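Asks: To start, I am sharing the structure in question, which I have written as structure tokens.
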Amino acid sequence: MTLTRRIIPCLDTDGARVVKGVNFVGLRDAGDPAELAARYNAEGADELVVLDIAASRDRRSTFLETIRNVAAELAIPLTAGGGIRTLEEARAVVLAGADKVTVNTAAIHDPELLSRLAEEFGSQAVVLAIDAKRDGKNWKVYARGGRDATELDAVDWAKKGVSHGAGEILITSMDRDGTLSGFDLALTAAISTAVRVPVIASGGAKSPLHFFDVFTEGRADAALAASIFHDGVQSIRSLKEFLASRAVEVRLPC
């Protein structure tokens, strides 16, 4: 587990633009990926995630060009994914400038994909993304950008994913996504307790206190957010200063 907590902006892209919605729907334009990447790099983000939420073959070349443009603006690690189904597609993303690749639906259908990616790039470069929604006392895993429910339990799937080679878990609460009501602390803590790799919490962030809670009560190693950064609701610098004042170890921007 890492000691320094990471703040990670996320760029969800549909073609060549960044988009954002609520509960995975109602998408709106949120800006140019390269411009936002440059801004977050300057503000002190620890990493950046770029996801192709369209993930169709006719957009693949556009997405690779987006990765190239974003990577050119960064001096921090870049994670990219969305619709990656094969080792060859992952390799293209890495060659375009990504330091890590993230997979979701394809790994559900073929867990061995995680093993092949880990063998090719190393586990530290393989991020298993999990979209989860509350189902009674547990959480159910969803595929295809939250459209298809599976029979997988989120905690069990996280453990299986790590056993197959995932070196990091990106857990998104579908219940909280875009709501600005705070991270799902119970979900994040359940995943963090179950695996021995870093866990990135996603979905619901608004205030600095939400980040403090997910790093303490939720036991997350990193926290990802989109709309609060895109819309200027929260700056990364002031967020990190708040966390440092609460004794959360973060890398403060120069």
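Please treat every number below as a calculation from the coordinates, not as lab data. Everything numeric here is computed off the predicted structure, so don't read it as measured data. All Cβ positions, glycine included, derive from the backbone under ideal geometry; neighbour counts span all protein chains shown.
Asks: Lysines within cross-link reach of Lys20: Cα-Cα under 24 Å, excluding same-chain residues under 8 positions apart?
Replies: Lys20 reaches Lys100, Lys133, Lys140, Lys206, Lys240.
Asks: Turning to a different aspect of this structure: What fraction of the DSSP beta bridges in the chain is antiparallel, stated in percent and rounded to the nearest 5?
Replies: On the way: 14 of 46 bridges.
Of those bridges, close to 30 percent are antiparallel.
Asks: How would you order 76-82, 206-212 from highest to lowest mean count of nearby Cβ atoms within 10 Å?
Replies: Details: 76-82: 22.7, 206-212: 19.4.
Output ranking for 76-82, 206-212: 76-82, 206-212.
Asks: Can you order the peptides 122-133, 87-98, 156-167 by their average number of other Cβ atoms within 10 Å per residue, highest first?
Replies: Working: 122-133: 22.5, 87-98: 17.8, 156-167: 20.2.
Order by mean packing, descending: 122-133, 156-167, 87-98.
Asks: Next question, about the same structure. Please work out the Cα convex hull volume for segment 92-243 and give it in Å³ per residue.
Replies: Details: hull volume 18.0 nm³, N = 152.
Here the figure is 119 Å³ per residue.
Asks: Here's something else I'd like to know. Would you mind calculating the gained length between Arg134 and Glu112 on full extension (0.36 nm times residue separation, minus the Cα-Cα distance), in nm to one decimal?
Replies: On the way: separation 22, 0.36 × 22 = 7.92 nm, distance 2.65 nm.
Contour length minus Cα-Cα distance gives 5.3 nm.
Asks: Let me ask something additional. Compute the projected area of the convex hull of the Cα atoms of the chain, averaged over all viewing directions, and report it in nm² to one decimal place. Display every interim value, and only then the final one.
Replies: On the way: hull surface 46.8 nm².
Mean orientational projected area (the chain, Cα hull): 11.7 nm².
Asks: Ok, one more. Applying 1/(1 + (r/R0)^6) with R0 = 45 Å to the Cβ-Cβ distance of Ser235 and Arg196, what FRET efficiency is obtained, to the nearest 0.05? Spell out each step's value before the answer.
Replies: Details: r = 33 Å, r/R0 = 0.73.
Rounded to the nearest 0.05, the efficiency is 0.85.
Asks: Counting each DSSP H run of 4 or more residues in the chain as -39500 (n - 2.57), what helix-only mean residue ellipticity at 222 nm follows after dividing by all residues, to the nearest 500 deg cm²/dmol? Could you put the intermediate results ahead of the total?
Replies: Numbers: 10 runs with 90 residues, N = 254.
Counting only the DSSP helices, I get -10000 deg cm²/dmol.
Asks: Multiplying the sequence separation of Glu120 and Glu88 by 0.36 nm and subtracting their Cα-Cα distance, what value in nm do you get?
Replies: Working: separation 32, 0.36 × 32 = 11.52 nm, distance 1.04 nm.
In short, 10.5 nm is gained.
Asks: May I pose another question? Please state the Cα pair-distance histogram of segment 174-219 with 10 angstrom bins from zero: what percent is in each bin?
Replies: 32, 55, 13
Asks: Counting alpha carbon pairs within less than 8 Å and at least 6 residues apart, what relative contact order, in whole percent, applies to the chain? The partial results should precede the final answer.
Replies: Values: 562 pairs, mean separation 50.1, N = 254.
Relative contact order here is 20 percent.
Asks: Would you kindly state how much longer the chain becomes between Arg147 and Glu65 on full extension, computed as 0.36 nm times their sequence separation minus their alpha carbon distance, in nm to one decimal?
Replies: Working: separation 82, 0.36 × 82 = 29.52 nm, distance 2.66 nm.
Full-extension gain reported as 26.9 nm.
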